[in-house]
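J.: Have a look at this one before I ask anything.
All of the numbers you see were taken from the coordinates with simple rules; none came from a lab. Just so it is clear, the structure is predicted and the values come from calculations on it, not from any experiment. Because the Cβ atoms are built from the backbone with ideal geometry, glycine has one as well, and the counts that use them run over all protein chains shown.
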Amino acid sequence: MKSLVIVLAGLSLLLSGAIFGFFYAWVCSTMWGLDAADPVVAIEAMKAMNASVRNAVFAPAFFGTSPVLLATALLAFFTGLRGAAAAFALAGFVYLIGGQVLTLAVNVPMNEALAATATPADPEAARRMWQDYSQPWQFWNIVRTGASGICLLLTGLGIALLTRKAK
């Protein structure tokens, strides 16, 4: 049973790291690059990226992180690894609320609104549209990046507690 906890802990770490890295890349490169581009290009590029992210490669990290963390927590708990279980459970809830729910409640509706709006041909109108979208989107992306980073740290703590307990 402890072997299964270790396998699930490794998968938890992989998924937590993947989703943190995904959100982090948007913070430190993607959105800065789009902000530096022509607003018409930025709007069209963002629409294309938002449409392409719904895929089988992204889904496990986005949708699977919390369930795998919570399964790891449950198994660790029933194996008597209470400290590790608490860290994995907290990691799962932090990502669920601060990453997944936030994304579905804020970022996805913003993306859908952008997709449903025609890109203005007028450069000034496109600039305003991009700023009105980019600034709040980036704020909420930083929040979910922070939550995902905390999730990753808690996952690492859970693994540390597993290895400490195993000695």
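J.: Pop out the ³J(HN,Hα) list for the range 94-105 in order, Karplus 6.51 cos²θ - 1.76 cosθ + 1.60 with θ = phi - 60°, rounded to Hz; leave Gly and Pro as x.
T.: Here the 3J(HN,Hα) series is 4, 5, 4, 7, x, x, 6, 5, 4, 4, 5, 8 Hz.
J.: Based on DSSP H runs of at least 4 residues, each adding -39500 (n - 2.57), what is the mean residue ellipticity at 222 nm of the chain after dividing by all its residues, to the nearest 500 deg cm²/dmol? Kindly include the intermediate steps, with their values, before the conclusion.
T.: Values: 7 runs with 131 residues, N = 167.
So the helix-based figure for the chain works out to -26500 deg cm²/dmol.
J.: How far apart, in nanometres, would the label points at GLU112 and PHE77 be if each is projected 7 angstrom from Cα along the Cα-to-Cβ direction?
T.: According to this spin-label approximation, the distance is 3.2 nm.
J.: Also: Most exposed first by the Cβ proxy, i.e. fewest other Cβ within 10 Å, how do SER16, SER52 rank?
T.: Working: SER16 31, SER52 9.
In increasing order of surrounding Cβ atoms, one gets SER52, SER16.
J.: Could you derive backbone 3J(HN,Hα) for the range 85-92 from the dihedral phi with the Karplus parameters 6.51, -1.76 and 1.60 (θ = phi - 60°), listing whole Hz in sequence and x where the residue is Gly or Pro?
T.: Working through the residues one at a time gives 4, 5, 5, 5, 5, 4, 4, x Hz.
J.: Exactly which trypsin sites (Lys or Arg not before Pro) in the range 1-105 are in a DSSP loop and have at most 13 other Cβ atoms within 10 Å? Provide the component values of the computation, followed by the final result.
T.: Values: sites: LYS2, LYS47, ARG54, ARG82; in loops: ARG54.
In loop regions of the range 1-105 (DSSP not H, G, I, E or B), the sparsely surrounded trypsin sites (Lys or Arg not before Pro) are ARG54.
J.: Can I ask one more? Among TYR133, TYR95, TYR24, which one moves the most in a GNM of the chain with springs linking Cα atoms closer than 10 Å?
T.: For the chain, modelled as a Gaussian network with Cα springs under 10 Å, the answer is TYR133.
J.: When the Karplus curve 6.51 cos²θ - 1.76 cosθ + 1.60 is applied with θ = phi - 60°, which whole-Hz ³J(HN,Hα) does each residue of the range 120-128 get, with x for Gly and Pro?
T.: Rounded to whole hertz, the list is x, 7, 5, x, 5, 5, 5, 4, 4.
J.: Evaluate the distance, in nm, between pseudo-label points positioned 7 Å from the Cα of VAL27 and of ALA125 along their respective Cα→Cβ axes.
T.: Label-label distance for VAL27 and ALA125, simple model: 3.6 nm.
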